[in-house]
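Report on the structure given below.
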C-alpha cells in the first residue's frame, strides 16, 4: 500500500479558495489551523510526524468535499478538547458555539473510558455514540469519517493487532455509514484498505488477477468506448465516456457472497457514460441496446427508482465482440457527482447563503428516506443495550436491500425476507401493533409474505388489536421483534396484575363467607403459610388462587385453624384417589374411571373431546366429573380436583360432536367447496355459520360436525387445509 499524501496548510487554503472567497471565512479557517498547531505543539503520531499533519489532512479532505468553513475549521480542531485539555466553553469563546458544538460532538464519538466492561458491549457502546451523533448532525459523522479515512491511510505505523482491530471496526461501522450517505469514493477506499489489513493474501491474489489481464481488458474497453462514442456523436448527444476499474474488495465480496470465480464477475469490464439530461440517459440506453445484445435481467433503472443513498444511474450489461461482457452505467453529471460524494455533493457549501444546520439536517432526512427512519429508530432505542442496538442497526439499516413503497410513494428499505409486519413497524410502532391484514400490489396476502423490491405495500389496522406471539416466528427486522416482545411482556405483566387482584377478591370473599374479617389477608399473616402451598411470595400466592392452583377454602382453614365439613366434591375426590385398580365402570360416553358411576362422567362442551384426544377429568360440585381435552385452557394450570380418566375400548357406533373454525381469504363459491370436502370425508354437518369481513377481504366459517374419533377429525382438517383460499383450520375452544 502506498503512503498517504502529506499536505500542508497552503494546500488546504488553495483547495478552500476554489469555493470559499469571503475574507472572514478564510480567516476563520486559518485561525483554526494556527490554533490547532499551537495547542498540539510537541505532539507526534506513531509515524514520527507532528500531530498537526493529521489534522491538516482531515481539513484538506473535507475541503475537497466542499463543506462549509465551520466544518473545515472543526476538522482542524476536532482533537483539541480530547488531547489538549481545551474546554467546550473556551472553544466557544475563542471561535463560536457552532464550532464548539461540532468539536465536542466529534470528541464524544471518540473512545469511551474502559471500565472492565464486556468487550463486545464496550465496542458497541462506542459505535452507538457514532450513530446518535449522526442522527443529530450529519456534519459530525462527515468529520469522523474523514478522520478515520486518514487514520486508515497511515495504519501501517500501528502494531499488527491494532491494524486488524481498527480495520475490522472500520469495515463493520464506518464503511457502511459512508455507503448509506452515498460517499462512494470514501467507502471504496475504506473497504480496500480494510481488505488489505484483514486478509492480505486474498488482497494480493485478487490484485494479481486484476493486473494479469489488465492490458487485455484495457484494449477491450478502449475498443468499446470508441464504438459507443462514434454512435453517440452521430446522434448528436453530448457525453463523457470512460472506463472504470472495479475495487478489489468489491470483487472479493462478489466472489465470496455469490460463490463465483474471478472470470465470472460480469462488471470487470465497466464503462461509464455521463451526459446532460435524464432524457439523454434513456436515449443512450436505447442506442446501446439497439447495437448490442443486452443480458436479460441485468437492466436496472436507478433513475426512476433511486437507491436509499440517493444514487441514480441506469445499469445494463451487454455482450460485445468475441463474447466479451461489459457493464455500462449511464447517468447525468449531477448523478455522477452524487454517486461519488453523496450528501457532501448534494449539500455542498454555497457561498452567500446563510447556513442553517437544522434546515440541512431536515433536508437530509427528507431526501434520504432511510435517514429519517434511522433518526426515529435511534431515538426510540436509546434504552436498549448497546449490543442489541448495534445488532438491530446492522441488520435493519446496513443490510437493507429490499426497497418497497407506501401507496403515497414513500420508499421503505428492509432486509431480505422482510414481511408486511416488518414494513408496518417501520412506519410506526402503533401501526405495527394494530396490523390485521396486508395488501401488496393490490392483492391481499398473508402477513408472513416475503416482500420484494418494487412492491407497493398497504397494511390494514384495527384499533384494540395487538401483535401475536406467532409473528416472532417470521418477522426479520430486530426492530419489529423488539417491539412485539415489549408489547407482549407489558400485556403479560398487566394480565398477571389482574390475576393477583382477582386472587385477592376470591380470598376476601371466602373469608367473608365464613364470617372472618379481612385482617387475615395481611401479608405478615400470609407469609406463615406460603410454604404450605409451594409459593414464596405474595404475588405468586394470589396468582395461584386466581388460576385455581391454590384452593381458597384451604387457605382460610390454614389461616384460621378451622376445618370445614367434607363436601360432596371432597368425598368424590377421596373416593377417586383410593386404589382404583380393583374397580372400573365403563361409561356410555366411551370413558372409564375407577369408582365412578357412568352417569357421573360427561364430556365438556367448551373443548368437545373426541375419542383419541388426550383427556383429563375435572371434579365439579354436584355434576360429577367433566372430561376436558388436556390442552383445554379451562383446566390448564389446575392442580386440584383433577382426576385421571381414560377412553374405553373403541366402538364404531359412538359419535362425538366437534366444532371447527376456518379462516379464509374470501372468494366466490368458497362455502360450496368447503361443504363438498366435508361431504367427501363422509362427515355429518350439524350446523354451518359464515361471516365475511369485507374490509379485510377475509371470511370465517364455523362448522359443527360429528366424528367417530380423532383420526377422522384430523383427516378432515388436513383436507380442508388444502382448499384454495383457506388460511387456517383449528378446533374451537371457548
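The values are calculated or read from the model by the stated rules, or taken from the named source; none is laboratory data. Computed from a prediction, not measured in an experiment: that's the story for all the values here. Here Cβ is always computed from backbone atoms with ideal geometry, including for glycine, and neighbour counts include all displayed protein chains.
The residues of segment 645-666 that are in contact with a strand residue (DSSP E or B) (Cβ under 9 Å, 6 or more places away or on another chain) and surrounded by fewer than 12 Cβ atoms within 10 Å (Cβ to Cβ) amount to a single one, 649. Restricting segment 629-644 to residues that are in contact with a helix residue (DSSP H, G or I) (Cβ under 9 Å, 6 or more places away or on another chain) and buried (at least 16 other Cβ atoms within 10 Å of the Cβ), which is farthest from residue 551 (Cα to Cα)? Top of the filtered list is 643. Residue under question is residue 6, and the condition is that it be surrounded by 12 or more Cβ atoms within 10 Å (Cβ to Cβ) and in contact (Cβ under 8 Å) with a residue 12 or more places away in the chain; does it hold? Yes, satisfied. Return yes or no: is residue 290 modelled with pLDDT under 85, loosely packed, with under 12 Cβ neighbours inside 10 Å and either assigned by TED's automatic domain parsing to the domain that holds residue 305 or closer than 28 Å to residue 169 by Cβ (or both)? No.
Of the residues in segment 673-682, at least one is within 30 Å of residue 435 (Cα to Cα) and surrounded by fewer than 19 Cβ atoms within 10 Å (Cβ to Cβ). Out of curiosity, is residue 697 in contact (Cβ under 8 Å) with a residue 24 or more places away in the chain, more than 36 Å from the chain's Cα centre (by Cα) and surrounded by 12 or more Cβ atoms within 10 Å (Cβ to Cβ)? Answer is no for this residue. Screening the candidates 160, 189 for the property of being assigned by TED's automatic domain parsing to the domain that holds residue 67, over 23 Å from the mean Cα position of the chain (by Cα), over 17 Å from residue 75 (Cβ atoms) and crowded, with 18+ Cβ neighbours inside 10 Å yields one hit, 189. The criterion of at least 3 residues that are over 36 Å from the mean Cα position of the chain (by Cα) is met by the following helices (runs of 4 or more DSSP H) wholly inside segment 212-328: 214-234, 278-291. Annotation: residue 605 fulfils all but one of (1) closer than 22 Å to residue 554 by Cα; (2) without any contact (Cβ under 8 Å) to a residue 12 or more places away in the chain; the unmet one is (1). Just one of (1) touching a residue at least 60 places away in the same chain (Cβ under 8 Å); (2) loosely packed, with under 14 Cβ neighbours inside 10 Å fails for residue 214. It is (1). Look at (1) touching a helix residue (DSSP H, G or I) at 6+ places or on another chain (Cβ under 8 Å); (2) under 20 Å from residue 727 (Cα atoms); (3) part of a loop (DSSP other than H, G, I, E, B) and you find that residue 683 fails only one, number (2).
Against the conditions (1) at pLDDT 90 or above; (2) not assigned by TED's automatic domain parsing to the domain that holds residue 196, residue 1 satisfies every one except (1).
Table: residues versus (1) within 25 Å of residue 243 (Cα to Cα); (2) touching a residue at least 60 places away in the same chain (Cβ under 8 Å).
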residue	(1), (2)
140	no, no
173	no, no
176	no, yes
182	yes, yes
185	yes, yes
193	yes, yes
196	yes, yes
200	no, no
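The residues on offer are 221, 173, and the sole one that is within 30 Å of residue 309 (Cα to Cα) and modelled with pLDDT under 85 is 173. Scanning segment 22-79 for residues that are surrounded by fewer than 18 Cβ atoms within 10 Å (Cβ to Cβ) and either in contact with a strand residue (DSSP E or B) (Cβ under 9 Å, 6 or more places away or on another chain) or not assigned by TED's automatic domain parsing to the domain that holds residue 157 (or both) yields 37, 41, 42, 43, 44, 50.
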